[in-house]
1. Can you tell me which of 13, 34 is surrounded by 10 or more Cβ atoms within 10 Å (Cβ to Cβ) and either at pLDDT 85 or above or out of contact with any helix residue (DSSP H, G or I) (no Cβ under 9 Å at 6 or more places or on another chain) (or both)?
2. Looking at the stretch 42-65, I want the residues that are touching a residue at least 24 places away in the same chain (Cβ under 8 Å) and have a partner that is surrounded by 10 or more Cβ atoms within 10 Å (Cβ to Cβ) with Cβ atoms under 7 Å, at least 6 apart or on another chain. Which pairs are those?
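The values are calculated or read from the model by the stated rules, or taken from the named source; none is laboratory data. Keep in mind it's a predicted model, so treat the numbers as computed, not measured. Ideal geometry is used to build each Cβ from the backbone, glycine not excepted, and the neighbour counts take in all protein chains shown.
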């Protein structure tokens, strides 16, 4: 998303640590600041790899995310 926002392709809702350096440097502009964003937002893990079984490294990352992030039972598709 950041790579699309930097050239001005559109708006993106990103974490402050991702955008602050770009806002300070003038590459991005903060917009819609008056809208209240919920503290919790959806997070998606996307892996564009080969079809079939996930590698041990990718499986470890997904397991870490599942363990350390709030995930409801309805969001655990594909398991």
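1. It is 13.
2. Correct list of pairs: 43/69.
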